[in-house]
Amino acid sequence: MKATAVDAVIRGLKKAGVSIVCYLPDSLFKELYPALDADPELRTIQVTNEGEGAAICGGVFLSGKRAVLIMENSGLRASVEPLARMGLGAGIPVVMLMSYRGELGENNWWAIPHGITMEPILDALRVPYQIIRDEAAIEDAITDAFSWSYAAYYHSAIALGGSIVR
Amino acid sequence: MKRYECMIKLGERLSDELVILSLGGSVDEWYNAAPHMRAGSLFQQQLGCVTGEAFGLAVGLPHRRIISLDTDGGLLFNLGILATLGNEQPANLFTVVWDNQMYQSIGGPKTHTASGRVDLAAIARASGVEKAFTATTLEEFDALCEEGLAATVPYVVVAKVDGILQPGIKRKHSDGREDKYIFVRHVEETEGVVIMGPSEHN
């Protein structure tokens, strides 16, 4: 992930009012995590799985602060249960920023399932999402996701494509 | 030990705290045992999310005492939260795990704690939550609540309760969406913040 894209993500998060970041590290976002950790305006919380991260973000929402869940798109599979319960059952939103692993251009067999399952799972959960391939669009995509999620009180997702993270 | 009696003891110690609860029989019991805490309690029909969500709330409101009322089935669903609590050391999170050793809300199949081999408090301690204890009597439970509510480190009480639902209690009628609005408006009012504000235009 290029340094300019990392900066764009952090600018977008701050513009959206995010002060807490939950993440489970992955390789495509590996430059992003230390930048988040080092930022004095952001509290980062590393989690043991993305379902835990979703629950924590839901709790942050209830406090009036804003959180984002940052993960590889495989984490979507781990977080389906809490996302469905909190979002569909109670209207507690989680905004997700994902690295899009497994799309065309992927060269690891184990990541192909991440690409195949990401959009069908988002569609099954009725989570609106944007796939961002242009670095210039990152900031607006993040702020738009938060605008929507805080009007709908439901989840939204941004996936950063291979042109940004590979 | 009866969960309902534990809840009454705990409820007597609470006033402006915020509570997040799990699903099952504890919902109606808490609704009746601590009626003064209704607006400050979020009833979540979830497994594996309650303590994580309570932790998120504790992070967002570090000046406020947050209570997680989890269950053995719920905690077993996502034990990783204990490791996160061990690392993050929230000063304002108090967790009770109602451990009746069964999935009570679906008729009572046993959970893993029923084997006698699985010790949730020991798992918490090994995960870095040093103040984690098991209570088997009402007196023990009450004493641990007193200490835990005053603690400045994460504190877990595993309450070994029987599987008997309190008879004759009033059912809670609200659903998850209504519960969220009640809770959010309570937090807004008591914190002086806006969480779910108005649209740009009406």
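The values are calculated or read from the model by the stated rules, or taken from the named source; none is laboratory data. This is a predicted model, so every value here is computed, not measured. All Cβ positions, even for glycine, are placed from backbone atoms using ideal geometry, and neighbour counts span all protein chains on display. When the accessible area is computed, the model is the full protein with side chains, heavy atoms only, and any ligands, DNA or RNA have been set aside. Shrake-Rupley method; radii C 1.70, N 1.55, O 1.52, S 1.80 Å.
Quick notes on this one:
- Among the numbered conditions (1) more than 11 Å from chain A (Cβ to nearest Cβ); (2) open to solvent by less than 80 Å² (accessible area, probe 1.4 Å); (3) assigned to a loop (DSSP other than H, G, I, E, B), the only one that residue B:167 does not meet is (2).
- Positions within segment A:40-56 being in contact with a helix residue (DSSP H, G or I) (Cβ under 6 Å, 6 or more places away or on another chain) and either open to solvent by 10 Å² or more (accessible area, probe 1.4 Å) or under 20 Å from residue A:132 (Cβ atoms) (or both), in sequence order: A:42, A:44, A:48, A:49, A:50
- Residues that are within 18 Å of residue A:25 (Cβ to Cβ) and surrounded by fewer than 23 Cβ atoms within 10 Å (Cβ to Cβ), drawn from segment A:83-111: A:102, A:108, A:110, A:111
- Of the numbered criteria (1) more than 14 Å from chain B (Cβ to nearest Cβ); (2) without any contact (Cβ under 8 Å) to a residue 40 or more places away in the chain; (3) crowded, with 24+ Cβ neighbours inside 10 Å, the one residue A:9 fails is (2).
- Residues in segment A:133-166 that are part of a helix (DSSP H, G or I) and hydroxyl-bearing (Ser, Thr, Tyr): A:143, A:147, A:149, A:150, A:163.
Residue-by-condition table, conditions (1) closer than 26 Å to residue A:91 by Cβ; (2) modelled with pLDDT under 95; (3) more than 9 Å from every other protein chain (Cβ to nearest Cβ):
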residue	(1), (2), (3)
B:37	yes, no, yes
B:44	yes, yes, no
B:60	yes, no, no
B:64	yes, no, no
B:79	no, no, no
B:89	no, no, yes
B:97	no, no, yes
B:102	no, yes, yes
B:105	yes, yes, yes
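- Checking residue B:68 against (1) within 14 Å of chain A (Cβ to nearest Cβ); (2) touching a Pro at 6+ places or on another chain (Cβ under 9 Å), the condition it does not meet: (2)
- Residues of segment A:57-77 that are open to solvent by 10 Å² or more (accessible area, probe 1.4 Å) and more than 10 Å from chain B (Cβ to nearest Cβ): A:72, A:74, A:77.
- Those residues of segment A:94-131 which are in contact (Cβ under 8 Å) with a residue 60 or more places away in the chain and of a type in the set (Lys, Arg), in sequence order: A:101
- Residues that are hydrophobic (A, V, I, L, M, F, W, C) and either open to solvent by 40 Å² or more (accessible area, probe 1.4 Å) or assigned to a helix (DSSP H, G or I) (or both) occur at least once in segment A:124-132.
- Taking the criterion of being open to solvent by 10 Å² or more (accessible area, probe 1.4 Å), more than 14 Å from residue B:148 (Cβ to Cβ) and either part of a loop (DSSP other than H, G, I, E, B) or without any contact (Cβ under 8 Å) to a residue 24 or more places away in the chain (or both), the residues of segment B:40-93 that qualify are B:45, B:47, B:48, B:62, B:63, B:64, B:78, B:79, B:80, B:89.
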